[in-house]
Amino acid sequence: MCNSLRINQEPLLYYDVRNPEAATGFKTNRYSLEDWLINNQTVALLAPLSSASQYLEGKNYPTMNLVIPSLYGCIEHMNPKNPIRQPWNGAAIPESELRPEVKAAREELFNDLIRRWKTGLPENLKRFYLTATILDPRQKNLAFPGITSGERHEAREWFIAEYVSHWEKAPPNAAGGAGTHANTPAHPQHSGASFIDFMSNLSHLRGSPDDAEEEGITDTPEVAKNEAELYLELPAVPMKTQILKWWPEHEKEFPQLSLMARQYLGCPATSASAERLFSVAGRVYGDLRQNMDEDMLESLMWARINKGNRQEGN
């Protein structure tokens, strides 16, 4: 709503000037210049949260590996020590020009995000989120804003421990249940592009001295290394890489770790995608179609969900 007002600020002001005897409702709710400043600064303040919310709840099945980089980026954007940038022109808002109401809201949001995603996040959830993030070859070095060197080190220990405990040896039914990479769906480019845009817009928050760290893990004595340790030594891949294509391409190099990646990278970032499936099922399975079997229901749902992705001639 605030952004809609910002976009329409000029015509609204023009209407205000041209209509001194405007309707009572408009006269009562018209913005002063101070109100417009607060509105536009609020848009700049909330822009990263809006972007993160849109692509984490998007229709292209965003997964758990995007959660921590996105939320930590939002936390750093809310940090009063960092500048606020206007998303429509990239200009920073000087601290001296921030309205008191915006400063107060920013501090409150910052403290709430810290509580929810750092100090108050249960360790088991944090381990899960960070392990999924490391399994994203674009984010494996945990180089996004807001994460500390201590958190990186702890996350890598959790990652290796998870691999050693549950994935170092193949499960008995791995050959039959894992499937082949030919059936692995390609990672939607639109979802990745949205995440790329988000991280690019936070590039000015990178590089704090406390978080400076070389890529990869510290060299260890010459001992046999497992797949998780070898994976951590690889450099991160470009952000434009489609990760659900990257893993099948490296399945022979990391046969067990690829099974672990398939497990973690198959988890949706939010419940929005599951809720959409229930909604589609409700529309397909109506009063006139109560006798259809589950295979037909699945086919109709697949066609409904993918109708916008069909290619001509297929």
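The values are calculated or read from the model by the stated rules, or taken from the named source; none is laboratory data. Note that the structure is predicted; figures quoted are calculated from it, not measured. We place every Cβ from the backbone using ideal geometry, glycine too, and count neighbours over all the protein chains shown. The protein model used for the area step is the full one, side chains on, heavy atoms only, and it has no ligands, DNA or RNA in it. Shrake-Rupley method; radii C 1.70, N 1.55, O 1.52, S 1.80 Å.
Below is a table of values for the structure above.
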{"quantity": "For residue 115: the one exception among (1) open to solvent by 20 Å² or more (accessible area, probe 1.4 Å); (2) closer than 30 Å to residue 231 by Cβ", "calculated": "(2)"}
{"quantity": "Total residues in segment 49-84, condition over 30 Å from residue 307 (Cα atoms) and either buried (at least 20 other Cβ atoms within 10 Å of the Cβ) or in contact with a helix residue (DSSP H, G or I) (Cβ under 9 Å, 6 or more places away or on another chain) (or both)", "calculated": "15"}
{"quantity": "Meets criteria (in contact (Cβ under 8 Å) with a residue 60 or more places away in the chain, among the basic types (Lys, Arg) and open to solvent by 40 Å² or more (accessible area, probe 1.4 Å)) for residue 262", "calculated": "yes"}
{"quantity": "Number of positions in segment 28-46 that are free of Cβ contacts under 8 Å to residues at least 60 places away in the same chain and assigned to a helix (DSSP H, G or I)", "calculated": "10"}
{"quantity": "Helices (runs of 4 or more DSSP H) contained in segment 246-305 and holding at least 2 residues under 14 Å from residue 59 (Cβ atoms) and touching a helix residue (DSSP H, G or I) at 6+ places or on another chain (Cβ under 9 Å)", "calculated": "272-284, 294-305"}
{"quantity": "Filter result for the condition that a residue is more than 26 Å from residue 253 (Cβ to Cβ) and under 18 Å from the mean Cα position of the chain (by Cα), over 106, 127, 116", "calculated": "116"}
{"quantity": "Qualifying residue in segment 268-276 (condition: in contact (Cβ under 8 Å) with a residue 40 or more places away in the chain, touching a Ser or Thr at 6+ places or on another chain (Cβ under 7 Å) and surrounded by 11 or more Cβ atoms within 10 Å (Cβ to Cβ))", "calculated": "yes"}
{"quantity": "Of residues in segment 277-300 being under 26 Å from the mean Cα position of the chain (by Cα) and either under 17 Å from residue 131 (Cα atoms) or of a type outside the set (Phe, Trp, Tyr) (or both), the one least open to solvent (accessible area, probe 1.4 Å)", "calculated": "280"}
